[in-house]
Amino acid sequence: MPLLPRPAVRQLTHRDRDEALDLCARDPASHVFVASRIVDGDLDRGGPLVGVRDGAGRLTSLCWTGANIVPVETDEAARHLLADRLRRRSHQTASILGRAPEALDLWRRLEPHWPTPRSVRAAQLLLALDAPPSVRGIEPDPRVRPAVPSEVPIVRPAAVDMFTGEIGYPPYTGSDRAYTALLADLVSRGRTYVVVEDGRVIFKADVGSVALGCAQVQGVWLAPELRGAGRSVGLMAAVCEQVARDHAPLVTLYVNEYNHPARALYARLGFRLVGPYATILM
């Protein structure tokens with residue numbers, strides 16, 4: 001009886017689109033980042049999505065291998081193959097993220113070959129909201145709305161401050177042209193929500209990924225002088241209501257486990273725990 005071919009990692013193309021989305025659909029909340037890139041057409045442009053096929057040719061696992069490395073539905077054998085493929089490309093990577101067991105095990109396999117990371121956030125929580133906060137009697141802040149293209153210059157300082165505070169370094173070095181273009185793209189797609197007062201953004205939140213009926217909120221920022229006064233409840237309630245209406249009914253985000261004020265806020269809004277998440281910042 002002939003032996004079946006061994007599992008192998010291959011770059012995926014548009015021909016693999018439906019299979020890849022089917023894998024992501026097993027857990028849309030966890031895999032919306034990768035699913036969104038597939039839906040946005042990155043496979044058509046030769047995007048950095050690779051897949052693991054078993055000996056019978058079935059697609060069993062995925063991994064996004066751009067600036068962010070994101071494993072999808074991987075087992076130990078798949079992560080061994082992926083780590084071997086990724087071992088020599090640490091200089092191209094900003095982070096590894098995903099469901100904690102997968103992301104942390106992939107990092108464990110890469111760690112001997114890669115430089116020391118800036119941070120290993122092994123205790124994060126992936127949360128999801130199935131119903132708008134208004135059903136819980138929470139009144140959304142009426143000032144929250146999608147930003148418009150002319151507001152990109154005033155969105156930028158808030159976005160830079162949020163990124164620098166969260167990640168620990170600025171989002172760009174040298175020219176800000178590419179970064180500003182990314183902000184402009186989010187705004188043009190109705191994915192940045194803001195409150196503007198006196199020509200200044202005092203609150204913002206972005207929708208980073210949308211696919212499979214799921215939208216992931218990220219980049220939440222409130223002006224420092226307004227923090228700690230209870231304003232975030234109405235602001236985030238408004239974001240969640242509008243994201244569910246404008247983009248996808250299931251709203252997700254992830255938060256550091258130690259961030260108890262944020263966890264309390266999201267619990268009040270009705271978010272439920274999906275599972276443990278992890279991010280390794282390079």
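Give the percent of DSSP beta bridges with both residues in the chain that are antiparallel, rounded to the nearest 5.
Given both bridge residues lie in the chain, the antiparallel proportion sits at roughly 90 percent.
For segment 99-123, list residues with backbone N below 15 Å from a point placed 7 Å from the Cα of Asp84 toward its Cβ? 109-110, by backbone N distance to the label point. Taking the inverse of the mean reciprocal distance over all distinct Cα pairs, the Kirkwood hydrodynamic radius of the chain comes to 19.8 Å. With contributions of -39500 (n - 2.57) from each DSSP H run of at least four residues, the per-residue ellipticity at 222 nm computed over the chain stands at -10500 deg cm²/dmol. For the pair Asp198 and Ala123, label points projected 7 Å from Cα toward Cβ lie 4.0 nm apart. Based on Cα contacts under 8 Å between residues 6+ apart, segment 48-180 shows a relative contact order of 13 percent. Each of Arg58 and Arg15 was given a label point 7 Å from its Cα along the Cα-to-Cβ line. The distance between the two points is 2.1 nm. Comparing Thr192, Thr74, Thr252, which has the greatest mean-square fluctuation in the GNM of the chain with Cα pairs linked when under 10 Å apart? Its mean-square fluctuation being the largest, the pick is Thr74.
Packing, as the average of other Cβ atoms within 10 Å across residues, places the peptides 231-241, 172-182, 141-151 in the order 231-241, 141-151, 172-182, highest first. Extension gain, Arg231-Ser150: 0.36 nm per intervening residue step, less the Cα-Cα distance, totals 26.6 nm.
Sort 115-125, 211-221 for me by packing, meaning the mean count of neighbouring Cβ atoms within 10 Å per residue, highest on top.
211-221, 115-125
Subtracting the Cα-Cα distance of Thr180 and Ala77 from their residue separation scaled by 0.36 nm leaves 33.1 nm.
By the Cα gyration tensor, segment 137-240 has an equivalent ellipsoid whose semi-axes, rounded to whole angstrom, run 21, 17, 14 from largest to smallest.
Values in this text are rule-based calculations from the coordinates and carry no lab data. Here the structure is a predicted model, which means the values were calculated and not measured. With ideal geometry, Cβ positions are generated from the backbone for all residues, glycine too; neighbour counts draw on all protein chains shown.
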